[in-house]
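Structure first, commentary second.
All of the numbers you see were taken from the coordinates with simple rules; none came from a lab. Remember, it's a predicted structure, so these values are computed and weren't measured experimentally. All Cβ positions, even for glycine, are placed from backbone atoms using ideal geometry, and neighbour counts span all protein chains on display.
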Amino acid sequence: MNRYIPELCNPQLLSLQWSYIQETGNKNYEAAYRQGERAWTKLFIDRLPYEIIRHVQAGQWVAALGILRLILHYDPKLKCINKDIYDASFKTLLAELRKLPIQDSLVYWKQQLAGAPPLLSLPTDRPRPAEQSFGGQSQSFLISQKLTAALDLLSKQAGVTLSTTLLAAFDVLLYRHAGTEDIIVGSPLVSRIGSENFVNAVPLRTDLSGHPKFQELLGRVQKVASLAQTHQSAPYCLLVDELCPQQDSSYAPLFQVTFVFEENVPLQAVELSRTTASPWVIENNEGKFDLTLFLKPTTNGLEGIWSYNTDLFDAETIERMNGHFQTLLEGIVTQPDRAISELPLLTAKEKQQLLVEWNGTQTNYPHDKCIHQLVAEQADRTPEAIAVAFEDQAITYKALNERANQLAHYLQKAGVQPDGLVGICVERSLEMVVGLIGILKAGAAYVPIDPNFPSDRVDYMLDNAQVKLLLTQQRLVEKLPTQGASVICLDADWHDIAQESQETPSSSVTPDNIAYVIYTSGSTGKPKGVQVLHRGVVNFLDSMKQQPGISPDDRLLSVTTLSFDIAVLELFLPLIVGARVVLLSREAAMDGRKLARTISNLGITVMQATPATWRLLLEAGWEGNQTMKVLSGGEAISRELAAELLAKSGELWNLYGPTETTIWSTVYKVGLNERRISIGKPIANTEIYILDALLQPVPIGVAGELHIGGAGLAKGYLKRPDLTAEKFIPNPFCETGASRIYKTGDLARYLPDGSIECLGRLDFQVKIRGFRIELGEIESVLVEHPAVQQAVVIVREDAPGDKRLVGYIVALNNQSPSTSELRSLVRANVPEYMVPSIFVFLDVLPLTPNGKVDRKALPVPDQTRQEVISPIGKKVSGPSSETVHETSIAPQDDLDLQLLKIWENVLNISPINMEDNFFELGGHSLLAVALITEIEKTYKKELPLSILFQAPTVQQLANTLRKEGCSSSSQTLVTIQKGDSKTPLFCIYGIFLYYELAKHLGTDQTVYGVYLEEELHAAQGEKSDQSSMNLVSITELATRYLKEIRAQQPVGPYFFAGESLGGLVAFEMAQQLHLQGEKVALLGLFDSAIPGKNKLSFTQLLHLHARKILRQGIPYIRKRMQKGIHPAAAPVSDVGVRVSDVEAQTIFRDYAFNSYTPQPYSGEAVLFRAIDENHFSTLKAWKSLAVGGLEIHDISGDHLGILQEPNVQLLAKKMRACMDQALARL
C-alpha cells in the first residue's frame, strides 16, 4: 500500500479531483467522491500514522505534513484513526520539526501573539456549540472592475499590494462587526522546509486602536504582513503546539477567521484547515473556520467566496456582511483619509430599514389628556364598578374619583402648583391610590418614597426635590425625616380632607407637565430624580391597552412597590379601561404561597412582576392559570423561566424600558421553544436606535448602544442639567434637530425580523430583582469607611437565577473592617436591595494593562465560611495582647442543627453559626421565602414570613419555633452535611457533637446523624429519677438506628462512627449487620469505654488528677473541689458523670452503658483515643473484642475535646484517611 500514499497526498491531484467534480455539478459523482472519502478513511486507519513517521525519518517534511493533513481532512475529530498511534506520530513529527532552524521565527511568533485574545467573537446567529461540527456553506460574489481598479490604484499610491489593501479592509469589517481592536486573521503563504515548498498558515495580528485613518492602517497591515513573511517558516502545527497547549474544542486555535488572496498561493483553490495539527489545506474550506474570505483577481474584477460555519451563521447574515464589505470598499476608495470607525458600512436598503421602517410606530393617542383625566373619564363611564380592592376593602370608580377630588382641593389650598412636587410615603392601601390621583388632580407631581428606605436616603430625596407637602399615614410619621415639609396623614387627617368638594378641581396642568419624579440609583453616590411627563405616561398607557392588552373584565394584581416606576402600569392601566386593581400587601407580595392563593382566590387575570418574583411564585408551587396574562420585566428573563411560565399561563410578555423613557419602551410576546428571548419591538410612538460610539447605526446583528426616542421621553433629571445633557442628546436622525433621544447604556442588537435582543450593560449599572442599581453609588458609600482604601462592587450569578452583590475591599494599612460594620454603613445610606451579600478582602485589586480595575478577574467568593471576611488578627489592648477569635454557640439539639443546615443550603454559605444574622449573611426577601419554605417542609407547619424579620438569627429563630411547638422535626435521620460521596458516614448518638468533624472531613463527604426521641427527651430533660424515664438498651438502640439507616442506605458497605456511648452502639450495629451478611467498611470509635472496664485504681486516680492539674491548672482544682475530689464515691459512667447528679441524660446513658455486655466482633475497628484521658484497660479490652483487627490513633484533647477545635482537625484528617483506605479495600 505504501506506493499509493504519495499519489493520494499529492495536492494538485486532490485539488483537481474535487474541482472537476464541482464543475460537473453531477450529484452522482459527488456521492461517489464522498463514498471514496469514507473508504479511504477506513483504508488508512491503521497505516497513515506510521507513514508520517516514515517520512519524518526520511526528512520528507512536506510529505509528512501532507499525510497529517489527509488524516485530519477525512477524520477531523479523530474518531476512526487509533488516537494513541496518531498522537505518537504527531509527537514524533513535532519533535523533529523543532530541530529545524526555525528558532528565531518561533521567538518572533511568541512575542507577536503574547496576550492575544484566543477568540474573535463575531456576532453569530446561534450560540457557539461546545464542539465544532465542521459544517459549512459558501456564497460567491463579484467586486466590479471599476471598484477593483480603484482599489488597485489606491494600493499603488500607498505603496502596498492589492492583497494588503483588501486584508486591511477585511480587518476593518471584522473590527466594526466584533467591536474589538485586536484582530487576528489567518492567511496562507508559501513556505519552504529545506528544498521543498508547502503552504503554511500564518496568524496576522493587527492593532486597530486609536481610530486610525485607513491610510494609516494600511501601513500597520503592511508591516504585519512583511514580518509574517519573514518568519513564515515555522509550521502552523508547531505554533499551535507552542502557543495553545490547552485548546478549546469549540473553536480553532490561534485564529478563527482567514483571508485568502489567490495571487499569494500557487494553487487553484486553497483551504486552511482549522484543526490543531494541519498547516495547510487543499480542498474546500467550508466549516473549517468560523469565516473565510477568498478573493481572486480576474478580468471581470475580483471574484470572491465567503465560506462560513453553518453552526454559527445563517446565509442571510453572510449576505448582509457581503453588502457591508462592498459598501466599505466603496467608502475606502472615496475617502481613504477617513477614520476607519467612520467609514460607511450599511447599504442604503439596510439603513432605510433600521432608521425608518422599523421605527414606523406613529399612531394616534389622547395627546391632549393627562393621566387623572383618563381615570375621571372612566369613572363617568363605570361609576359603580369596583376600581381598587385591598384585602377586605374595596372602592368604586365613583368613590375613588370623588375622594381624589377632595384631596386635590385640600392640596390646592395648601399651595400646590403645576410641576410642584408632593411626596407620598404610604403602605399599600386604598389611601395610596387616592393619594396619587389626588396629587395629579391638584396639578402637582408625586414623589414616591418607600417606607422601608433608610432615613438618610429619604432625607436626601425630600431635600433634593424641595418637597413642601408630604402625604403619609399616621403610623409612619415618627420615622420620616420631614425636613420642614407639611405632613398630611391620609388616615388621621381624612376627616378634614373629607370636608372638601367632591367636584373636579380646576387646574392648569397640561400633558407637558411633570406627573411624577422617580428616584433611581446614581453613580455619584446619590440617587437621581427622573421627571416623567403626563404625555409620556398617557402614550404608554394607551399603547399598553392595545398590546399586551387589557379589558374591563380583567383583574390586575398589583405587587410592585410604589417607588419602582413599573407600579404605574399596575395602578393606572386598569383604571383607564374599567378593570379592577387588586392591591397586595408588601408581606404577601414577598410570600410565594400567599401570592399563589391570591391569584387563585381572587380570579386574577393579569399580573406584572420581575422574573425574580415569578420564580418565587413557581417555587411556591403555583399551579398556574391558563387564562392569565403574565407580564415580566425589570430584568432579563431566562428561557427556562419563560418555558415554565408559558406552561402555566395563557400569555407571556417580555417588557423592557428604562425609567427615563416612561416604564416600558418595547414589548414582546414570548412563544413556545424560543431560541432566544428578545425584548421585542418599540411600543406606539417610540423610536429605537442601536448606535455605535459615533452615533452611527450598527448593522443588523451587530451590538451597539440602545437609544430611545419618542413620546415617552422624560423631561430629564431633577436639578441635574449636566447629566440631562449627557444622557438626553439631540436626535442625529432628525433634520430639524428638535427631538431628543435617550442613551440607555444598554448593549443591544437588532435581529433580522426587527426584534431587539438586549445583551447587557456598557457601564456598571445592574439590575437585581428588577431594581436598577448603580454600583458606583455603593462603592462611594463603602470608601467613606475610614479603614477602606478601595472598594469595587459587582453582581455575580454563580447559581442560576441567584444574582448577588459582592463587595471587594482593599483595607487601609491591613486594618480590615468587619462585615457587619460595612453592611451597617451601606444599609444606612441605600435601600436594602443595594447592600452587598458578601464582602471579600483583597491585598490589591486586579488591574487591566491600561491600569483600570479588571472586574472580570475579581475572584469568586469562597462560599464556605469566609475567614478572610472577618477582621482576623486584630490585637486588643491589655496586659497581654491576644488574637480575637469569633466565639459561637454550638447547636444544642436537633432543631438547632436542622436550622443550621437549612440556612447553609439556602444561603449557600458554610458553616453558619447560631448567632449569625440571616440578612447580614446576604439574605434578602426572596431567599427569606425559600428559607421559610424549607423550614415548613421539615416541620410540617406553615409559618409567616415575618417570623424571620422578628428572629433573624438561628438561635432566635430556634427559640421562636420551640414556642410554636417545633421542638423537633419529624425526621430521625439528620443530614449534618450533604456532599457528593457515594458512601455516607453515619454518626451515632449525640448528633450535634459531630458538626465540626463533618466540616473538616471535606465538603464532598456526606455525613448523617441518627437519634431517637427518647435520646432527645433525655438530652432536653431536667433532673429526674430513673422510674419516670423510658430507658433503652444498647441492643435496642442499635436495632432502631439500623432501621433508620437502612431506609436511607439499604445495603452496605457502611461507615459508622460514634463518640463515647455512641461508639458502643455503633459496635453493636456492626455486630447485627455482620450477622445479616452486610459489610461494615469502617467502624470508628471516638474515645469509647467498655462496660466493666472503666474502674480506676487509687494509683490511676492520682495519675489522672496530676496530669489534669498540670494541663488545666487552678481551674481544674476549683472544679473538682466543687464536685468532690474522689469521683469513685459514686458509680461512674463512661464519661465520668456521677449518678448522684441524677440528670436525665446521665440516667439514660448509664442504663444503656451498664446493661450492655459486648461480644467479640469478627470485623475491624478503629479507636481514636483522647490522650488527655486515662483509658483504664480500654486498649486491652477493645483488642479482645475487635478480633478482625484494631487500629489506634491518639488525638490531643479530653473526652469531648477531640471533637472540638482545634483537635477535631487532626481527628478528621485521620478519619478521612481511614475512610479512603476502607474504600480502597472494597
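What the table shows:
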{"read-out": "Fraction of beta bridges assigned by DSSP in the stretch 595-719 that are antiparallel (%, nearest 5)", "value": "55 percent"}
{"read-out": "Burial ordering of Cys987, Cys1218, Cys734, fewest other beta-carbon atoms within 10 Å first", "value": "Cys734, Cys1218, Cys987"}
{"read-out": "Residue order, fewest to most surrounding Cβ atoms within 10 angstrom, among Met590, Met544", "value": "Met590, Met544"}
{"read-out": "Cα-derived Rg to Rh of the stretch 371-589, Kirkwood definition", "value": "0.93"}
{"read-out": "Semi-axis lengths (Å, descending) of the ellipsoid that matches the C-alpha gyration tensor of the stretch 346-392", "value": "43, 15, 8"}
{"read-out": "Among beta bridges that DSSP assigns inside the stretch 371-589, antiparallel share in %, nearest 5", "value": "35 percent"}
{"read-out": "For the stretch 377-517: relative contact order, % (alpha-carbon pairs under 8 angstrom, 6 or more apart)", "value": "28 percent"}
{"read-out": "Cβ-placed point charges (K, R +1; D, E -1), dipole of the stretch 482-572 about Cα centre in debye, nearest 20", "value": "540 debye"}
{"read-out": "Residue order, fewest to most beta carbons within 10 Å, for Ser144, Ser89", "value": "Ser144, Ser89"}
{"read-out": "Relative frequency of Cα-Cα separations exceeding 19 Å in the stretch 637-750, percent", "value": "52 percent"}
{"read-out": "Size-normalised alpha-carbon gyration radius of the stretch 401-504, reference 2.2 N^0.38 Å", "value": "0.98"}
{"read-out": "Peptides ranked, highest mean first, by Cβ atoms within 10 Å: ranges 418-424, 1076-1082", "value": "418-424, 1076-1082"}
{"read-out": "For the stretch 321-369, alpha-carbon Rg over 2.2 N^0.38 Å", "value": "1.76"}
